[in-house]
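Report on the structure given below.
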Amino acid sequence: MGKKNSGYLVLFCLIFFPVIGTIIIAGCYLHQTINQEILCILFAEGILFGAIPTLFSIPFILKNELFYKSDQKSYSLPPLITIIVPAYNEELNIKWTIESVKQTTYPNKQIIIVDDGSNDNTHVEAQKALQNYPSERCLVLKKPNGGKASALDFGLEYAKGEIIVTIDSDSIVNRNAFDEMVNLLQNPDVSAIAGNPRVLNRVNIITNCQQLEYSVGNLFKRLQSILGTVMVIPGVLGAFKNDKLIERGKYTSDTLAEDFDATIKILKSRKTILLSSDSIVYTQTPSDLKNLYKQRIRWDRGTLQTFVKHKNILSYSRYGLLSSFSYPILLLLFVAAPLFDILLIALVIILSFTSLSWNIIPLLVSGFFAIPVLIALISLVLDKVDWKIAIYAPLMIFGYRQLLAAIRIKSIVDVLVIKKNFCWTSVKRTKHLGGTT
């Protein structure tokens, strides 16, 4: 079975099994053909059954990880890459980001820092960090504040590289982050590469849950990479062929998710986008609920804005896999998943107040927690992250998951009902923990 056919089968199962299981259980309950205890059993089995497609997909991922390795290209002269770092009020962090970029092993690089109208010493700190770097290979630019997309486009005007790498200014890249990205981009069919984010400041439950979320999310990105349709190149680290990025209109400020928007525009050209799991970037994540809310409400609003902006994908078969599968499934999961989470809570509450036999509880617990912990462990091992973070997996079912679902539901109402212009919600930053690379 070919790599793309395997991907189709995996994605089909990811949707088919949970949907059919949910319809069967709901239909039986509505027609009162099963009692509550059997409903509990079916509900627990449904959780397990819904996880089966994820577990089913893991052999395909392992096969791809173990047996499909990109050919290492040899260069007479490595292609020039331009690293663009947009920054706004990042005087505490910009030094660490620049130092990590300077220490990367890839030899032929240009570094551009774009100060997007900061009112602190970001510009000065960036100049200090680059003072010993060859002047012909670095620029520190300053422009009036216009947002991240405008800062990236401003940097593109000065970019000399045939490959553009974008990095957030509160992040640290590992030493070989660019090598595999450049290698994968030597394939003429590949236009962009997604990096692999890690949480730098793992200091509490919230930040550890985010690391687990990133690693489990990477499990699905590995599936998308098998198909060549990674749906989001994260703004924290991504690489593009310069000509393809310019051809597709560069970055735009009409959504709050410029990274997702740029990714979709490239996928609409029917080009391949892959994941480079070895291209690791450490980034600061929100460590409290207030800042987590600010980050996720912006992400979710921007994601839905991008879905709406590119809704014509559903009308044209010329977009291939993007229109027939990837886009509609991602849209369905984006909208339906938080609603399912709320219904899940409601059902658990109802069952808690019924004449539930205690011998059902172990089955429910196993359904809710055992399988998610297993998936978390597999994701962490594949991502080469501390496996002990799997202890937070139950929160990905109850607690953290519903918090994110509530934020997403609000974002859906904001974008589709309120329909106002939303501003960028900034997250409070702290000083980096040191040169973790």
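The values are calculated or read from the model by the stated rules, or taken from the named source; none is laboratory data. Quick caveat: nothing in here was measured; it's all calculated off a predicted structure. Cβ coordinates were reconstructed from backbone atoms using ideal geometry, including for glycine residues, and neighbour counts include every protein chain displayed. Quick note on the areas: whole protein, heavy atoms, side chains included, nothing else; ligands and nucleic acids left out. Shrake-Rupley method; radii C 1.70, N 1.55, O 1.52, S 1.80 Å.
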Filtering region 105-131 down to residues that are open to solvent by 30 Å² or more (accessible area, probe 1.4 Å) and β-branched (Val, Ile, Thr), which residue is farthest from the chain's Cα centre (by Cα)? Val124
Looking only at region 118-162, count every residue that is touching an Asp or Glu at 6+ places or on another chain (Cβ under 9 Å), acidic (Asp, Glu) and within 22 Å of Gly249 (Cα to Cα) and tell me the total. 1
Among residues of region 193-231, those that are surrounded by 24 or more Cβ atoms within 10 Å (Cβ to Cβ) and assigned to a loop (DSSP other than H, G, I, E, B), counted: 1
Here are the criteria: (1) outside any loop (DSSP other than H, G, I, E, B); (2) under 25 Å from Ala87 (Cα atoms); (3) of a type outside the set (A, V, I, L, M, F, W, C); (4) open to solvent by less than 20 Å² (accessible area, probe 1.4 Å). Tell me which single one Gly235 does not satisfy. (1)
Which count do you get for residues in region 219-250 that are modelled with pLDDT of 90 or more and touching a Leu at 6+ places or on another chain (Cβ under 7 Å)? 4
Do we have any residue at all in region 132-151 that's open to solvent by less than 80 Å² (accessible area, probe 1.4 Å) and touching a Pro at 6+ places or on another chain (Cβ under 7 Å)? yes
Could you list all residues from region 117-137 that are touching a strand residue (DSSP E or B) at 6+ places or on another chain (Cβ under 6 Å) and within 16 Å of Ala151 (Cβ to Cβ)? Thr122, His123, Ala126
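For region 186-198, which residues satisfy the criterion of being more than 13 Å from Pro234 (Cβ to Cβ) and under 20 Å from the mean Cα position of the chain (by Cα)?
Val190, Ser191
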Of the residues Asp153, Asp179, only one is closer than 24 Å to Ala257 by Cα and part of a helix (DSSP H, G or I); which? Asp153
Got at least one residue in region 254-261 being of a type in the set (Asp, Glu) and open to solvent by 20 Å² or more (accessible area, probe 1.4 Å)? yes
Note on region 284-301: residues surrounded by 19 or more Cβ atoms within 10 Å (Cβ to Cβ), assigned to a helix (DSSP H, G or I) and out of contact with any Pro (no Cβ under 6 Å at 6 or more places or on another chain) are Arg296, Arg298, Trp299, Asp300, Arg301
